[in-house]
Amino acid sequence: MNAVNMLEAKSSLSRLVEAVESGAATEIVIARNGRPAARLVAIAAARPAAARIGIAKGLFDVPDDIDAHNADVARLFGAADA
């Protein structure tokens, strides 16, 4: 654990961030008036979200009457005159 005072943290923030980002330090404690006040740690890189729109394109055939009225489905949703 590396510890730095507030003045040093202000003047060398880029260097401190680089140290935790590169793994040279796992965490850096920033002290104010000799007491620990904050901890600087690297965050895990976010994984890019997989593309979802169109992911199944071409994998199945959609029937032409997909939007046609379906009495069974209407009844399941509470339609009185299904």
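The values are calculated or read from the model by the stated rules, or taken from the named source; none is laboratory data. Small disclaimer: the values here were computed from a predicted structure and weren't measured. Cβ: placed from backbone, ideal geometry, glycine included. Neighbour counts: every protein chain shown.
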Output for Cβ contacts, cut-off 6 Å, separation at least six or different chains, first residue at pLDDT 85 or above in segment 42-65, second surrounded by 10 or more Cβ atoms within 10 Å (Cβ to Cβ) and not in a loop (DSSP other than H, G, I, E, B), reads 42/20; 42/21
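I'd like to check something: does segment 25-33 contain any residue that is loosely packed, with under 11 Cβ neighbours inside 10 Å and either of a type in the set (Val, Ile, Thr) or at pLDDT 90 or above (or both)? Steps first, answer last, please.
So the first thing to find is which residues in segment 25-33 are loosely packed, with under 11 Cβ neighbours inside 10 Å, and the list is 33.
Among the residues that remain, those that are also either of a type in the set (Val, Ile, Thr) or at pLDDT 90 or above (or both) are: 33.
Yes, there is a match, as at least one residue in segment 25-33 is loosely packed, with under 11 Cβ neighbours inside 10 Å and either of a type in the set (Val, Ile, Thr) or at pLDDT 90 or above (or both).
I'd like the full set of residues that are outside any loop (DSSP other than H, G, I, E, B), surrounded by 10 or more Cβ atoms within 10 Å (Cβ to Cβ) and not small (Gly, Ala, Ser), limited to segment 42-81. Working first, answer last.
Here is the first cut: in segment 42-81, the residues outside any loop (DSSP other than H, G, I, E, B) are 71-76.
Subsequent filtering for residues that are surrounded by 10 or more Cβ atoms within 10 Å (Cβ to Cβ) retains 71, 73-76.
If the condition is that a residue be outside any loop (DSSP other than H, G, I, E, B), surrounded by 10 or more Cβ atoms within 10 Å (Cβ to Cβ) and not small (Gly, Ala, Ser), then 73, 75, 76 are the ones that fit.
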When segment 24-82 is examined, which residues are found to be in contact with an Asp or Glu (Cβ under 9 Å, 6 or more places away or on another chain) and over 30 Å from residue 13 (Cβ atoms)?
74, 82
Evaluate the following for residue 20: is it in contact with a Leu (Cβ under 7 Å, 6 or more places away or on another chain), free of Cβ contacts under 8 Å to residues at least 60 places away in the same chain and of a type in the set (A, V, I, L, M)?
yes
